[in-house]
Every structure is written in C-alpha cells, then in structure tokens.
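Just below is one structure, and these are the notes that go with it.
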Amino acid sequence: MVLAWLISGVLVYVLALHYANISYDRALTDLLQAVERMIRSDARYQELSPQTRILFEIDSEDPNYYTVRSMRHGTLAANLELPLPDPLPTPGAKPRIESLAFGDRNLRIASLAIASEESDDVIVMSVAQTLRERHALAREILIGVLPIVLGLILLVLVLVWFGVRRGLHLLDPLTRHLAGRRTRDLSPLDQSIVPVEIRPLTRTVDLLLARLRGLLDLQDRFIADAAHQLRTPLAGLRLQAERALADPRPDSVREALVHVERLSAGAGRAAGQLLALARTQSNVDDDAPPEPVDLARLARDHVAECVPRALAANIDLGYAGPNSDAMIAGDTVMLREALVNLVDNALTYVGAGGNVTVEVARELRTISMTVEDDGPGVGEEWWPRLGERFFRAPSAAREGSGLGLAIVRRIAERHHAALAFARGENDRGLRVTLRFPVLIGTSTPSR
C-alpha cells in the first residue's frame, strides 16, 4: 500500500504538470493574440505602444520575457534577447510553442508572425516563461491530493483487515472440529462447516488423511499378521527349550536343537514374507515411474541361483524361453520377489524326483512368466482362494505361511498383470502364469 501511495503521488504530479503546461501555454497564446490585435488596431508596425508593452510586462511571480523583431528593421522591443524561432512561423498561422534551454533557464516560448499591411515586412513576436510557476502549481495539486489518496489507502487497509479477520473467523468451527477429534480419527472433514473458498484445500486434506488411514491400516494389519505368524514358532521354540532343560541328555538336547533350528528358519521365512507383503501393499511408491525390466534375464538368473537347492533335493529345475529381450515396465525388486515365491512354492511342494520348469514367453501384446511343477497340485475348487493371506489348501502336505501367493497376487495387481492357475502337463501339479503388458517400444513376434 505504501508503494501504491508513492506511485500514485508520481502519477498525480506528472498529470498535474501536464495540465499546468496546457493552462500556461494557453495563457501565452492568448497574450500573443491580444498583442497582435493591438498592433493591427494601432497600425504601428515599427514600434510598440505603451499599452502593448504593459501586456508583455504584466506583473507575476514568474515574469514574461519577450522579443519583438522586424525582419527588415531588427529588434523593436525586448527585455531579453530571445533566439529567433527556427523555422520562422508563417504569418496568419496560430502561435507556435516550444521548449528551449536558454542560458541557465529552461523556457517555454510562444512565437507569432504578423505581416505588415503597409510593406512586405514581417513582425515576429516571441514571449517566454520559465517553468517555475508550472512546477509550483503541480506541487500544490500534489500536496492537496496526496492526503486524500492516503486516506483512501488507510480505508482500504481497514477494510482488508476487517475482511481477513472476519474470513479467518469462518475457520473457527473447522478448528474446533479438528481440535476435538480423537488421535486416530482420520475420517473425512465435515464439508458443511468449511467455507466454500477453501473446500478445494480441505478436499486435498481429505485425500491426505485417506492415505494416512491406508498406511495406519497397513501397519495394524502387519502387526496382526506378525503376531499370527510368529506366535506358533515362538511357542515351539519355548517348548523345545523347556524340553532340553527338563532332559539334559545329549540325544534329547540335540533333537530339541534340530527342532529349534527348523522353527527359527520358519520364523525367519515368515518374517521375510510379512515384510515383502507389507511392501507390496504399501502405496508409497505408486507414483514412482516404472523402469524397464528384462523378465527373461530375471527368470534365467534366478533359476541358476536355485539349481544347487534343487540338486540337493533331487528336483529337476529348468528354464525355457529366450535369454533376454522380454521387456516389461515394472519394479525389479518386486518382480524378483514374485518369482522367488513361485519357485520356492514349487520346490517345496513338488517333492524329491519332481520337475519344476520356469518359462518366459513373448506373445503379441503380453509377456508371460510361468512356473510349473508336477507335484500333487491343488484342487480346482481351491484356485479362487489362492492368493488370500494365510490360506493353505487342505491337501497341502508341507508347512507354510500361506503368504507366498498373496505376495504374488499383490505384485501382479501393481503391475497390471493377470494371474492364472491351471493344471500342469499330463494333468499333474500346478501351473501358475503371470501375463504382463509388453513394454511399448519393444518388438513382438508377428502372427
């Protein structure tokens, strides 16, 4: 507002000086025209009458400077030898006004030419004023206007203060509503108590609260899942410890330690799967751009890592498909986690002497990754439930957490992939297939 006041002062001064120039220039023009009429009425072109001199020398705070020249006889009268206008004004034309720096004075000069009726002589009259009175008038106008502008600005400030204060009071119900909420109450805000002007903001806050609710629900679910999964191994560990303490014989202690090792390995595996499931359920990285992933290379490398485990269990583990160039858009860590769980399930349930095949195939618009085994499989009636947390088919012969396929399903959803279950070759075992959209810009086989 102070800046606006200063700018308005500059504008007022400029406008006042402009109109002061118009007014004083008009006075100079009127003066020359009055002198012209007197000269013509006296018919005296070679000298000025006393009345004409009085017009030129009229008293004012800023005196007039004048020069009257005859183009034939020279200067007729002057109180300051003003320069001759260039070009000369035309007789009968209106007075010409111009600005001129003359010595240490900045002058405003009006010039008028009169043709003599008795001869071919031309009388050129010039009258000038300094700019002092013009600037003085502009300053008087400025001094008169600035207090009015200042008063208006102060009025605007008061109105703005009142408006802002009243507008902020409209937020008091929302403030009281938020202050009275319980700690974990992240429900949407009551829009009826929110001013219309800030509803876009409160809707954005509602979206943030919804994300926070999702994260808290995920945290609660993780805690419940961890308690569910770790309760049994921890109870088993305690039981084996009590057993070893009750029977300190070496054979009994060794047997207890074997159980402890198995239970701790299961607990570690369950904890790892819980963390993987929580990571796939989190929406923190949903906005992160996907990266190109070579599914063929990923599958081939993981199969190579699992070969020693398969050989130790007398399982034939193989890979079928291209060595590379099966590009999809996704998260490498999550895709590897899905493959790890599928291969681990197959190796766990197929049994000694079984076969496990990991296959990657490039199709027209999709790239599929399949893990197939020839083990006991799962009844078709249970396929719709595969992927539920902690669900294990009643026919499962091995221990498990029931989280592996849940992780796979969630990763498939995040990558917009289709998850399908089918019988394996010769109607044996289980065939799990993930179909991913092909990465745009890569070539696909033609059909």
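The values are calculated or read from the model by the stated rules, or taken from the named source; none is laboratory data. This one's a predicted model, so the numbers in the text were calculated from it and none came from an experiment. For neighbour counting, all protein chains shown are included, and Cβ atoms are generated from backbone atoms with ideal geometry for every residue, glycine included. The area values use the complete protein model at the heavy-atom level, side chains included, leaving out ligands, DNA and RNA. Shrake-Rupley method; radii C 1.70, N 1.55, O 1.52, S 1.80 Å.
Taking Val158, is it open to solvent by 80 Å² or more (accessible area, probe 1.4 Å), at pLDDT below 85 and among the aliphatic types (A, V, I, L, M)?
On the way: open to solvent by 80 Å² or more (accessible area, probe 1.4 Å): yes; at pLDDT below 85: no; among the aliphatic types (A, V, I, L, M): yes.
So Val158 does not fit the description; no.
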Open item on the list: Can you tell me which condition Thr183 does not meet? The list is (1) open to solvent by 60 Å² or more (accessible area, probe 1.4 Å); (2) part of a loop (DSSP other than H, G, I, E, B); (3) touching a helix residue (DSSP H, G or I) at 6+ places or on another chain (Cβ under 8 Å), and all the others hold.
Closed with: (3)
- [ ] Return yes when Gly167 is farther than 30 Å from Gly404 by Cα and either surrounded by 11 or more Cβ atoms within 10 Å (Cβ to Cβ) or within 30 Å of the chain's Cα centre (by Cα) (or both) and no when it is not.
- [x] yes
Open item on the list: For region 297-324, give me each residue that is surrounded by fewer than 16 Cβ atoms within 10 Å (Cβ to Cβ), out of contact with any strand residue (DSSP E or B) (no Cβ under 7 Å at 6 or more places or on another chain) and not hydrophobic (A, V, I, L, M, F, W, C).
Closed with: Asp301, Glu305, Pro308, Arg309, Asn314, Asn323
Open item on the list: Test of understanding: among Leu146, Leu159, Leu150, which residue is within 30 Å of Leu15 (Cα to Cα) and in contact with a Gly (Cβ under 6 Å, 6 or more places away or on another chain)?
Closed with: Leu146
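Within region 114-137, is even one residue open to solvent by less than 80 Å² (accessible area, probe 1.4 Å), aliphatic (A, V, I, L, M) and more than 24 Å from Gln33 (Cα to Cα)?
Taking region 114-137 first, the residues open to solvent by less than 80 Å² (accessible area, probe 1.4 Å) are 114-116, 119, 121-131, 133-137.
Among the residues that remain, those that are also aliphatic (A, V, I, L, M) are: 114-115, 122-125, 127-128, 131, 136-137.
Subsequent filtering for residues that are more than 24 Å from Gln33 (Cα to Cα) retains 136-137.
Yes.
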Open item on the list: For region 68-106, give me each residue that is modelled with pLDDT of 85 or more, of a type in the set (Lys, Arg) and open to solvent by 80 Å² or more (accessible area, probe 1.4 Å).
Closed with: Lys94
Open item on the list: Anything in region 363-401 that is under 48 Å from the mean Cα position of the chain (by Cα), modelled with pLDDT of 80 or more and open to solvent by less than 60 Å² (accessible area, probe 1.4 Å)? List them, or say none.
Closed with: Glu363, Thr366, Ile367, Ser368, Met369, Thr370, Val371, Glu372, Trp383, Leu386
Open item on the list: Can you report the number of residues in region 294-337 which are of a type in the set (A, V, I, L, M), within 18 Å of His416 (Cα to Cα) and assigned to a strand (DSSP E or B)?
Closed with: 3
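Yes/no per residue for (1) at pLDDT 85 or above; (2) over 25 Å from Glu140 (Cα atoms); (3) assigned to a loop (DSSP other than H, G, I, E, B):
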residue	(1), (2), (3)
Val14	yes, no, no
Leu17	yes, no, no
Ala20	yes, no, no
Asp30	yes, no, no
Arg40	no, yes, no
Leu48	no, yes, yes
Asp62	no, no, yes
Tyr66	yes, yes, no
Ile109	yes, no, no
- [ ] List every residue pair whose Cβ atoms lie under 9 Å apart, where the two residues are 6 or more positions apart in sequence or sit on different chains, the first residue falls within region 368-379 and is among the charged types (D, E, K, R), and the second residue, located anywhere, is assigned to a loop (DSSP other than H, G, I, E, B) and open to solvent by 20 Å² or more (accessible area, probe 1.4 Å).
- [x] Asp373/Arg428; Asp374/Arg428
- [ ] Using the structure shown, decide if Leu419 is at pLDDT 90 or above and crowded, with 21+ Cβ neighbours inside 10 Å.
- [x] no
Open item on the list: Tell me whether region 284-291 contains one or more residues that are open to solvent by less than 100 Å² (accessible area, probe 1.4 Å) and at pLDDT 70 or above.
Closed with: yes
Task: Unmet criterion (only one of (1) touching a residue at least 24 places away in the same chain (Cβ under 8 Å); (2) open to solvent by 80 Å² or more (accessible area, probe 1.4 Å); (3) more than 30 Å from Arg410 (Cα to Cα)) for Leu152 - done: (1)
- [ ] Specify which of the listed residues (Asp225, Asp206) is open to solvent by less than 50 Å² (accessible area, probe 1.4 Å), part of a helix (DSSP H, G or I), at pLDDT 85 or above and farther than 30 Å from Val14 by Cβ.
- [x] Asp206
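Residues Pro147, Pro200, Pro195: which one is under 32 Å from the mean Cα position of the chain (by Cα) and loosely packed, with under 12 Cβ neighbours inside 10 Å?
On the way: Pro147 fails: under 32 Å from the mean Cα position of the chain (by Cα); Pro195 fails: loosely packed, with under 12 Cβ neighbours inside 10 Å.
Of Pro147, Pro200, Pro195, the one residue that is under 32 Å from the mean Cα position of the chain (by Cα) and loosely packed, with under 12 Cβ neighbours inside 10 Å is Pro200.
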Open item on the list: Can you find, within region 240-268, the residue that is most open to solvent (accessible area, probe 1.4 Å) among those that are among the β-branched types (Val, Ile, Thr) and under 60 Å from the mean Cα position of the chain (by Cα)?
Closed with: Val258
- [ ] Give region 350-360 a look and list any residue that's assigned to a strand (DSSP E or B), open to solvent by 30 Å² or more (accessible area, probe 1.4 Å) and over 17 Å from Val408 (Cα atoms), or say none.
- [x] Asn355, Thr357
- [ ] Go through Leu342, Leu347 for me and flag whichever is modelled with pLDDT of 85 or more, in a helix (DSSP H, G or I) and surrounded by 23 or more Cβ atoms within 10 Å (Cβ to Cβ).
- [x] Leu342
